[in-house]
Amino acid sequence: MATALESTSAKQHRLGELREFLMSRRARVSPAEAGLPDGGARRRTPGLRREEVAVLAGVGVSWYQWLEQGRDITVSPHVLDSVARVLRLSPVERRHLYVLAALNPPAPETAPEDRDMCDGLRRLIDAWMPFPAHIMDQYWNAVMYNDAAAVVLGMRPGITQNCLIDFFTDPLYRGRLTHWEEIAPRVVAQFRSACSECPDDEGFRAVVEEAKGLSPEFTELWERRDILPGGQNRKEVEHPLVGTLVVEATQLRVPARPDLVIVLHAPLPEADTAEKLEWLVSPEGRRGAMYPVAG
């Protein structure tokens, strides 16, 4: 049902979009794809008939007809999922159906055809050179990082490769990050925000329990229950070769890969940061680096 705050015109538009969306999705599913005989030349309806969708979804024929007509009827997530299954909706189409039906949409999912995007994302962060960039999964595990992230932030093999845990436990990173104590509460609040999107996910719980076991500082901040959306964090880094670096870390999402977060570090106009970063990833700078560049 529409909320009390939804205007009459907005409801009419939403229900009209629901009607057109369901009709268009039904028309593209052939009887054969749904496991039904196609009826040969006698079949006039493109795709499935309304009655067939209702039977396959396990709902009443009249109820589905009212849904597709855009009537203001009560719907449930269970029934919408059944309809989405019959109409072979993609994850993004399923979320769209929920929105049109005025229900809270399910958590974003990655469609099978979008899972193989890592080559393109690797090109993206490599093109960000000479500035640091890395990509995290939903649990903040580092999926990949560019050479500048290795040289500047100390991202390297041999650490946990979880950005939350390493923030609290990696002595190299903590030793380089100026004002660590000021940034830590924001980092924890942003991770709690990520957790809140999937409250029943055991993967988040595992990361939190591991961090609690390793860091009393994390435990104290976690118990504050502060929450902030992932956004931007200003970082001042003291690098052993070039001194102070001032960057702004920005979290970005790719809608097709909701399980990944891209973190780009942009130099701020302070301390000649851009020039220093260019030198650090140059052949001369790499030779002086304390740790090998990740390959």
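The values are calculated or read from the model by the stated rules, or taken from the named source; none is laboratory data. These numbers come from a predicted model, not from an experiment. Glycine gets a Cβ as well: all are built from the backbone with ideal geometry, and neighbour counts include every protein chain shown. Keep in mind that these areas ignore ligands, DNA and RNA; they rest on the heavy atoms of the full protein, side chains included. Shrake-Rupley method; radii C 1.70, N 1.55, O 1.52, S 1.80 Å.
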Tell me, which helices (runs of 4 or more DSSP H) lie completely within segment 159-200 with 3 or more residues that are polar (S, T, N, Q)?
180-196
Do you know which residues across segment 72-95 are modelled with pLDDT of 90 or more and of a type outside the set (A, V, I, L, M, F, W, C)?
Ser76, Pro77, His78, Asp81, Ser82, Arg85, Arg88, Glu93, Arg94
Test: residue in segment 215-231 that is at pLDDT below 95, aliphatic (A, V, I, L, M) and open to solvent by 10 Å² or more (accessible area, probe 1.4 Å):
yes
Which residue is surrounded by the fewest Cβ atoms within 10 Å (Cβ to Cβ), if the candidates are limited to segment 104-129 and must be modelled with pLDDT of 90 or more and outside any helix (DSSP H, G or I)?
Met129
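Let's see how each residue does on (1) surrounded by 17 or more Cβ atoms within 10 Å (Cβ to Cβ); (2) polar (S, T, N, Q); (3) assigned to a strand (DSSP E or B); (4) modelled with pLDDT of 85 or more:
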| residue | (1), (2), (3), (4) |
| --- | --- |
| Ala249 | yes, no, yes, yes |
| Leu252 | no, no, yes, yes |
| Pro258 | yes, no, yes, yes |
| Lys276 | yes, no, no, yes |
| Arg286 | no, no, no, no |
| Ala289 | yes, no, no, no |
First in segment 61-88 and without any contact (Cβ under 8 Å) to a residue 12 or more places away in the chain and farther than 14 Å from Ala102 by Cα, second anywhere and assigned to a helix (DSSP H, G or I) and basic (Lys, Arg), Cβ under 8 Å, 6 or more apart
Val61/Arg50
Identify the single condition in (1) out of contact with any strand residue (DSSP E or B) (no Cβ under 9 Å at 6 or more places or on another chain); (2) open to solvent by 40 Å² or more (accessible area, probe 1.4 Å) that Glu270 does not satisfy, given that it satisfies every other one.
(1)
If Ile227 satisfies every condition in (1) in a helix (DSSP H, G or I); (2) free of Cβ contacts under 8 Å to residues at least 40 places away in the same chain; (3) touching a helix residue (DSSP H, G or I) at 6+ places or on another chain (Cβ under 9 Å); (4) farther than 23 Å from Tyr145 by Cβ but one, which is the exception?
(1)
Matching residues in segment 151-210 - criterion: being of a type in the set (Gly, Ala, Ser), surrounded by 13 or more Cβ atoms within 10 Å (Cβ to Cβ) and under 19 Å from Gly231 (Cα atoms):
Ala184, Ala189, Ser193, Ala194
Inspect all residues belonging to segment 34-50 and state whether any of them is loosely packed, with under 15 Cβ neighbours inside 10 Å, at pLDDT 90 or above and out of contact with any Gly (no Cβ under 8 Å at 6 or more places or on another chain).
no
Residue set Leu15, Leu67; condition modelled with pLDDT of 90 or more, among the aliphatic types (A, V, I, L, M), in contact with a Gly (Cβ under 6 Å, 6 or more places away or on another chain) and surrounded by 13 or more Cβ atoms within 10 Å (Cβ to Cβ); output residue Leu15
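Let me confirm something: among Ser62, Ser76, which residue is surrounded by fewer than 18 Cβ atoms within 10 Å (Cβ to Cβ), farther than 30 Å from Val207 by Cβ and within 30 Å of the chain's Cα centre (by Cα)? Steps first, answer last, please.
On the way: Ser62 fails: within 30 Å of the chain's Cα centre (by Cα).
Step by step, each of Ser62, Ser76 is checked, and only Ser76 is surrounded by fewer than 18 Cβ atoms within 10 Å (Cβ to Cβ), farther than 30 Å from Val207 by Cβ and within 30 Å of the chain's Cα centre (by Cα).
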